[in-house]
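Working notes for the structure below.
The values are calculated or read from the model by the stated rules, or taken from the named source; none is laboratory data. What you see is a predicted model; the values in this text were computed from it and never measured. Heads up, the Cβs are rebuilt from the backbone with ideal geometry, glycines too, and the neighbour counts pull from every protein chain shown. Surface areas here come from the heavy atoms of the whole protein model, side chains and all, with no ligands, DNA or RNA. Shrake-Rupley method; radii C 1.70, N 1.55, O 1.52, S 1.80 Å.
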Amino acid sequence: MRTPDMFIGGVGTFIPPRVSVDWAVARGLYSAEDAEAHELVGVAVAGDMPPPEMALRAAQQAVKRWGGSPKEFDLLLYASTWHQGPDGWPPQSYLQRHLVGGDLLALEIRQGCNGLFSAMELAASYLTAVPERTSALLVAADNYGTPLIDRWSMGPGFIGGDAASAIVLTRQPGFARLRSVCTRTMTTAEALHRGDEPLFPPSITVGRTTDFSARIGQQFASRSPAAAAMADVPQRVVELVDQALAEAEIGIGDIARVGFMNYSREVVEQRVMTMWDLPMSRSTWEYGRGIGHCGASDTILSFDHLVRTGELRPGDHMLMLGTAPGVVLSCVIVQVLESPAWTK
């Protein structure tokens, strides 16, 4: 989807203290074999801080950096991948009460690790639909330090990290421009993250642990259609990126950095960088390996890091990629227009 005249006015993050992989190996939480194979070094752990509180802190930072008023927002979208508080309670209402107020449309996005990509696509459409609408606040937050999920073994090739991120998407001038956002869904792979578990009653209501490694392993062991469909992912990713590049009117050679989910070196290299013969130095793996896979926040955390450190300069383009259960593939292209005041 082309996104003309759509800007990023501010970015905010909240990353709690890190715990080292060596610490986890010494306590038997993570195997030495996985540590050597995946080359991850740490993970952010929030303790008992609720995800909505982390989201609020990231959102407050984004609004402060933006310089506008939280009362100006026309839309609030909250992306999450894990439980946020009491079941049946909407976490976006916490931000609406403590930050933005008003009677704007506020929704939760449950699109897995691609939640913020989906939020960008929806927000861009929503703001464009009515001339009087100008700005949207997009947030994501998760804390995996709960019963029924083990951050150290929740999925193949990654460790679950706790964090929050926020973006101010606006039609007013900003420090970066959203050039394109694209999504494709591989419905043939729907069962990959479901495995052979029953649909009802929901697993969390009967105390069943969430283990994506086990579910995915079951699908491959049974040679299911969903597992077979994964062979098509590389070509689908290439097609998705080609579409995003065409909509942004640039080529892969114009991409300064590539942001993917915070997975192992092997996954990032094989699933993304080698597809376009790009060196790992242009990925965000070196940063992401120290904080873990933080739900829907990974690429925004990396984008913020690159802008703050000056590794993304005015004129540079960043390509962001993500996958989510469904299986959903998403791609975003952002161009930095100027060094924001909060980096100086």
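Annotations for the structure displayed:
- Restricting the stretch 187-202 to residues that are farther than 23 Å from R236 by Cβ and in contact (Cβ under 8 Å) with a residue 12 or more places away in the chain leaves a set whose member that is least open to solvent (accessible area, probe 1.4 Å) is E197.
- Beta carbons closer than 8 Å, at least 6 apart along the sequence or on distinct chains, pair a first residue in the stretch 77-105 that is under 23 Å from S125 (Cβ atoms) with a second that is of a type in the set (S, T, N, Q) and open to solvent by less than 40 Å² (accessible area, probe 1.4 Å) for L77/Q92; Y78/Q92; A79/S118; P91/S80; P91/Q84; G102/Q96; L104/Q96.
- Of the listed requirements (1) touching a residue at least 12 places away in the same chain (Cβ under 8 Å); (2) of a type in the set (D, E, K, R); (3) within 19 Å of Y126 (Cα to Cα), R65 misses just one: (3).
- Leading residue by the ranking (surrounded by the fewest Cβ atoms within 10 Å (Cβ to Cβ)) among those in the stretch 5-35 that are in a helix (DSSP H, G or I) and not β-branched (V, I, T): E33
- The listed residue being closer than 26 Å to I109 by Cβ and assigned to a helix (DSSP H, G or I), out of V268, V332: V268
- Test: residue in the stretch 305-324 that is hydroxyl-bearing (S, T, Y), open to solvent by 10 Å² or more (accessible area, probe 1.4 Å), modelled with pLDDT of 95 or more and more than 18 Å from G155 (Cα to Cα): yes
- Residues of the stretch 100-139 classified as farther than 25 Å from H83 by Cβ and not aliphatic (A, V, I, L, M), total: 11
- Number of positions in the stretch 161-186 that are open to solvent by less than 10 Å² (accessible area, probe 1.4 Å) and over 29 Å from T343 (Cβ atoms): 1
Each row is one residue, and each column tells you yes or no for (1) aliphatic (A, V, I, L, M); (2) open to solvent by less than 70 Å² (accessible area, probe 1.4 Å); (3) at pLDDT 95 or above.
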site	(1), (2), (3)
T205	no, no, no
R215	no, yes, no
S222	no, yes, no
A231	yes, no, no
P234	no, yes, no
V241	yes, yes, yes
R257	no, yes, yes
Y263	no, yes, yes
T284	no, yes, yes
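- When the stretch 271-287 is filtered for residues that are closer than 17 Å to V334 by Cβ and in a helix (DSSP H, G or I), the ones remaining, listed by number, are R282, Y287.
Conditions (1) aromatic (F, W, Y); (2) closer than 22 Å to G12 by Cβ; (3) open to solvent by 10 Å² or more (accessible area, probe 1.4 Å); (4) in contact (Cβ under 8 Å) with a residue 24 or more places away in the chain, marked per residue:
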residue	(1), (2), (3), (4)
E266	no, no, yes, yes
Q270	no, no, yes, no
M275	no, no, yes, yes
G288	no, yes, no, yes
C294	no, yes, no, yes
F303	yes, yes, no, yes
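- Identity of the residue in the stretch 144-160, of a type outside the set (S, T, Y), in contact with a Ser or Thr (Cβ under 8 Å, 6 or more places away or on another chain) and closer than 25 Å to M230 by Cβ, that ends up surrounded by the fewest Cβ atoms within 10 Å (Cβ to Cβ): P156
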